[in-house]
1. To the nearest 10 square angstrom, how much accessible area does GLU268 have with a 1.4 angstrom probe?
2. Would you list the P(r) distribution for segment 250-310, with all Cα-Cα distances sorted into 5 Å bins from 0 and each bin expressed as a whole %?
3. Using the basic label-point model (7 angstrom from Cα toward the beta carbon), what is the THR329 to ARG246 distance in nanometres?
4. Please list log₁₀ I(q)/I(0) at q = 0.12, 0.14, 0.23, 0.25 Å⁻¹ for segment 127-221, using the Debye equation with identical point scatterers on the alpha-carbon positions.
5. Using a simple spin-label model with points 7 Å from Cα along the Cα→Cβ vector, what separation in nm is obtained for GLU383 and VAL83?
6. Where nothing but the Cβ of Lys and Arg (+1) and of Asp and Glu (-1) is charged, how large is the charge dipole of segment 206-319 around its Cα centre, in debye to the nearest 20?
7. Based on the Cβ-Cβ distance of VAL269 and PHE313, what FRET efficiency does E = 1/(1 + (r/R0)^6) give at R0 = 22 Å, to the nearest 0.05?
8. Using the 2.2 N^0.38 Å rule of thumb for compact globular proteins, work out how segment 73-197 stacks up: its C-alpha Rg over that value, please.
Amino acid sequence: MTADLVIVGSGFFGLTIAEQAATELGLKVVVIDRRHHIGGNAYSEKEEQTGIEIHRYGAHLFHTSNERVWEYVNRFTTFTDYVHKVYGVHKGEVYSLPINLATINQFFRANLTPGQAKELIQEQAGELAGTDPQNLNDKGIQLIGRPLYEAFIKHYTGKQWQTDPKDLPAGIISRLPVRYNYDNRYFNDKYEGLPTNGYTAWIEKMAEHPNIEVRLNTDFFDESHEYSKNKVVGNIPVVYTGPVDRYFDYAEGDLSWRTIDFEEEVLEVGDFQGTSVVNYNDADVPYTRVIEPRHFHPERDYQTEKTVIMREFSRFAEKGDEPYYPVNTSADRERLLKYRDLAAAEKDVLFGGRLGTYKYLDMHMAIGSALSMFDNKIRPHFESGVKLE
Ligand code: FDA
């Protein structure tokens, strides 16, 4: 088909634009993705030996307080009543996270009331009161006091960044949540749950419209197909959700990312850890956390002889690695401003999604910003001829 709109990337951002353009405007949309599957980083599939659904690019928990996004996503899937909770291991003991009154009382072997706990943490945080911390270590101590910071934040953060927190900028954290009650729900959003039939079923439903054609294993920068950059830009409007630095051939330098290596293992036990996510907060364990995906869907009839776990190892990304979290150094921010200028000058190409904007976006944010781009740019362009910029 001859496309009215070409979308590079079949993640939530690209597919939301594709779905809206096809459904609302009747446009013919071609979505290309260089991977062998749709869905971007939210893609999930069955692990072969166990049949358990695994999130291929790391645990994905859906949550939002955005009414419009919630209404929109419910057009494609229902959600289970899964509520996310995280536990953490420190010195051989399991604690409830994020830090709450249960964590504090267990850690200090105490029976503190909310008021007493607050007083204690304020007193401990007072160690660096009135100073202007220049590194993450001092900032952490100033926010929650040394004992809790060193037990639950210091080494975990060090492993995430593969860097001693004393050498990380203080700006990485602005607050560390401490709850002075026993609420250990991980997210505070109004809506939360997992897609009942899995992420891939949800994502496929978004791409179901007959006006949407998805071409997999198709790289925008590969000249061998008809929707490559050189053939399309200037001829057909494009929404680009790949890395912004790659689009401009790294002309202003590389933007830096962190990535995660997943070590997957099938175990001959029905249940390995009794919950979906356990963090390892100490330095002597090299991984940051262990995910056991069977617990994302306790309502499913999974087999009970085996389970699958994924250990996560975090590090700086090199060329060829999957870019996961923007590092956002001051050099990155300077480069990003230059890329933004280049992107703004690119005729009939819109940049979106986490890679196209170099921003960490949760799924609901990616979907919400795609809905806004559709309303504010795509619809006015196709309905009233407003320039795409
Ligand atoms: P996404 O990366 O999904 O899609 C971009 C697509 O573009 C990819 O499929 C890629 O292959 C394609 N592409 C790139 N270059 C191309 C090229 N040259 N040619 C063709 N195709 C190209 N969110 C949340 O709400 N809850 C959670 O629990 C988590 N957990 C989580 C864990 C980890 C480890 C990460 C990294 C991220 C999360 N997220 C999350 C965030 C979530 O993954 C994110 O919101 C979505 O991936 C954003 O969708 P996008 O469409 O922007 O990008």
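1. Result for GLU268: roughly 140 Å² accessible.
2. Pair shares across the bins are 4, 15, 21, 19, 12, 9, 7, 6, 4, 3, 1.
3. Spacing of the two 7 Å Cα→Cβ label points: 2.1 nm.
4. -0.67, -0.74, -1.16, -1.28
5. 4.1 nm
6. On the way: 12 positive and 24 negative charges, 65 e Å.
In debye, rounded to 20, segment 206-319 gives about 320.
7. On the way: r = 22 Å, r/R0 = 1.02.
FRET efficiency, VAL269 to PHE313: 0.45.
8. Working: Rg = 16.9 Å, N = 125, 2.2 N^0.38 = 13.8 Å.
It is 1.23.
The values are calculated or read from the model by the stated rules, or taken from the named source; none is laboratory data. Since the structure is predicted, the reported quantities are computational estimates derived from the model, not experimental observations. Please note: Cβ atoms are built from the backbone with ideal geometry, for glycine as well, and neighbour counts cover all protein chains shown. Accessible surface is based on the protein model in full, side chains and every heavy atom, while ligands, DNA and RNA are left aside. Shrake-Rupley method; radii C 1.70, N 1.55, O 1.52, S 1.80 Å.
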